[in-house]
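Remarks on the structure that follows.
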Amino acid sequence: MEITERFLNYTKFDTQSNEDSPSIPSTKKQLVFAEYLKKELEREGLSDVEMDDMGYIYATLKSNTKKNVPTIGFISHYDTSPDCSGADIKARIVKDYDGGDITLSKGIVSSPSTFPELKQHVGEDIIVTDGHTLLGADDKAGIAEIVQAMCYLRDHPEIEHGDIRVAFNPDEEIGKGAHNFDVEKFACQWAYTMDGGDLGDLEYENFNAAGAKIHIKGVSVHPGYAKGKMVNANRLAVEFADMIPAKETPEETEGYEGFYHLLGIQSCTERATLSYIIRDHDRNLFENRKLFIEDCVRRMNLKYGEGTVKADISDQYYNMKEKIENNMHIIDIVLKAMQECHIAPKVAPIRGGTDGAQLSFKGLPCPNIFAGGVNFHGPYEFVSIQVMEKAMDVIVKICELTSHYND
């Protein structure tokens, strides 16, 4: 099976996760695909194939050398984003893309004037949707690349490699993919997530992340008789939101700049809740941002009375750079692999997070490599077949280079 057919088969499964679900995985339909994937790995001849009751899949391509070679791993998630439907995906290949507009469906056009990334793929064969669902290249492209690379290594025994572990997990899109990942069972010295964007992307820095819930307690009184009595939680919510610097929001920041992002407000006169995410690459600045939120709460309570406003702040993940910078050989291997595959690396910080960030803090250094998808989480998502093939080549080359690590 070629990588394109493999990927298109994967897109037929609806694996959308659900952030409001308490179950693991968050949706039962993810397990349907997980069972399919487990059987595929068995058919392809991988060893130690197992899936736990939470849908985490682990397998091994056994070493073909007697040398002492580090065991490394490759990881991708199979859930798709809750932001856009993943059901009944109608994928289509646009062969030899000419750089113009692509009509996905009647009245739905993917245009390089809106999505200039398309221009980087002129002459390539790109897979698009019909404009009504996402595609699922995030991260089924990564899965297809990993499985295809293992098959290539299986069929080319002249390429020396050690034990290669692969793992596929649910619920990455809702921030829970690494929560139940069994690092001890995976038993690797380091790993790579194949969950990045376009050709050449390599990421080993990400945001430190926290979530904040601001709870405001109001006092509801008939408005005709409210003077000196009413505390309108709606207005206090607006006042709190105005305390956040307007220049430190997602729409005003880029690169290494952190932000406060107001996800939503639920409010009435008697009570209000503001939901924020807090992000910064720098750990000290990150801690200061959380302190700033607490200071805003303190100032509101000084004005309206103690207990009027309360903040629940919880850390979500941290910058994997803290764990990678002492293991830079794993980055050097990727850079060399890209060079030998004639790919220009694009090293940049992630303005977000990956399972690799959480796994790095669980003891598994795990940077992120491109999988080829573009315009994630929406109906204009696409992936280049040639870029998927390049990603597969990089995986193979990493395995080969690692076999010489102790030489």
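Taking the stretch 355-377 as the range and being in a loop (DSSP other than H, G, I, E, B) and open to solvent by 10 Å² or more (accessible area, probe 1.4 Å) as the test, the residues that pass are Lys362, Gly363, Pro365, Asn375, Phe376, His377.
This table checks each residue for (1) surrounded by fewer than 19 Cβ atoms within 10 Å (Cβ to Cβ); (2) touching a strand residue (DSSP E or B) at 6+ places or on another chain (Cβ under 8 Å).
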{"site": "Val32", "(1), (2)": "yes, no"}
{"site": "Leu41", "(1), (2)": "no, yes"}
{"site": "Glu44", "(1), (2)": "yes, no"}
{"site": "Tyr56", "(1), (2)": "no, yes"}
{"site": "Ile72", "(1), (2)": "no, yes"}
{"site": "Gly99", "(1), (2)": "yes, no"}
{"site": "Ile108", "(1), (2)": "yes, no"}
{"site": "Leu118", "(1), (2)": "no, yes"}
{"site": "Asp125", "(1), (2)": "yes, yes"}
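Kindly indicate whether any position in the stretch 137-145 is in contact (Cβ under 8 Å) with a residue 60 or more places away in the chain, surrounded by 15 or more Cβ atoms within 10 Å (Cβ to Cβ) and assigned to a loop (DSSP other than H, G, I, E, B). So far as the stretch 137-145 goes, no, none of its residues is in contact (Cβ under 8 Å) with a residue 60 or more places away in the chain, surrounded by 15 or more Cβ atoms within 10 Å (Cβ to Cβ) and assigned to a loop (DSSP other than H, G, I, E, B).
Lys66 meets the stated requirement of being assigned to a loop (DSSP other than H, G, I, E, B) and surrounded by fewer than 21 Cβ atoms within 10 Å (Cβ to Cβ).
I'd like the full set of residues that are polar (S, T, N, Q) and either surrounded by fewer than 24 Cβ atoms within 10 Å (Cβ to Cβ) or farther than 19 Å from Val166 by Cβ (or both), limited to the stretch 182-208. Selection gives Gln189, Asn206, Asn208. Quick check, is Arg165 open to solvent by 40 Å² or more (accessible area, probe 1.4 Å), farther than 15 Å from Phe13 by Cα and of a type outside the set (A, V, I, L, M, F, W, C)? So Arg165 fails the test.
The selection criterion, being more than 25 Å from His121 (Cα to Cα), crowded, with 23+ Cβ neighbours inside 10 Å and among the acidic types (Asp, Glu), does not hold for Asp332.
Quick check, is Thr103 free of Cβ contacts under 8 Å to residues at least 12 places away in the same chain and either open to solvent by less than 10 Å² (accessible area, probe 1.4 Å) or assigned to a strand (DSSP E or B) (or both)? Considered against the rule, which asks whether it is free of Cβ contacts under 8 Å to residues at least 12 places away in the same chain and either open to solvent by less than 10 Å² (accessible area, probe 1.4 Å) or assigned to a strand (DSSP E or B) (or both), Thr103 comes out as yes. Take the conditions (1) of a type outside the set (A, V, I, L, M); (2) open to solvent by less than 60 Å² (accessible area, probe 1.4 Å); (3) touching a helix residue (DSSP H, G or I) at 6+ places or on another chain (Cβ under 9 Å); Glu270 misses just one of them, which is (2).
The residues in the stretch 214-255 that are part of a loop (DSSP other than H, G, I, E, B) and either surrounded by 14 or more Cβ atoms within 10 Å (Cβ to Cβ) or not small (Gly, Ala, Ser) (or both) can be counted, and the count is 16. Inspect the stretch 48-62 for any residue being out of contact with any helix residue (DSSP H, G or I) (no Cβ under 8 Å at 6 or more places or on another chain), among the β-branched types (Val, Ile, Thr) and in a strand (DSSP E or B) and give the result as yes or no. Looking for residues that are out of contact with any helix residue (DSSP H, G or I) (no Cβ under 8 Å at 6 or more places or on another chain), among the β-branched types (Val, Ile, Thr) and in a strand (DSSP E or B), one finds at least one in the stretch 48-62, hence yes.
Residue count for the stretch 285-308 under the criterion of being open to solvent by less than 50 Å² (accessible area, probe 1.4 Å) and among the hydrophobic types (A, V, I, L, M, F, W, C): the result is 5.
The values are calculated or read from the model by the stated rules, or taken from the named source; none is laboratory data. Being a predicted model, the structure only gives us computed values, none of them experimental. Ideal geometry is used to build each Cβ from the backbone, glycine not excepted, and the neighbour counts take in all protein chains shown. Remember, those area values only see protein heavy atoms, side chains included, never the ligands or the DNA or RNA. Shrake-Rupley method; radii C 1.70, N 1.55, O 1.52, S 1.80 Å.
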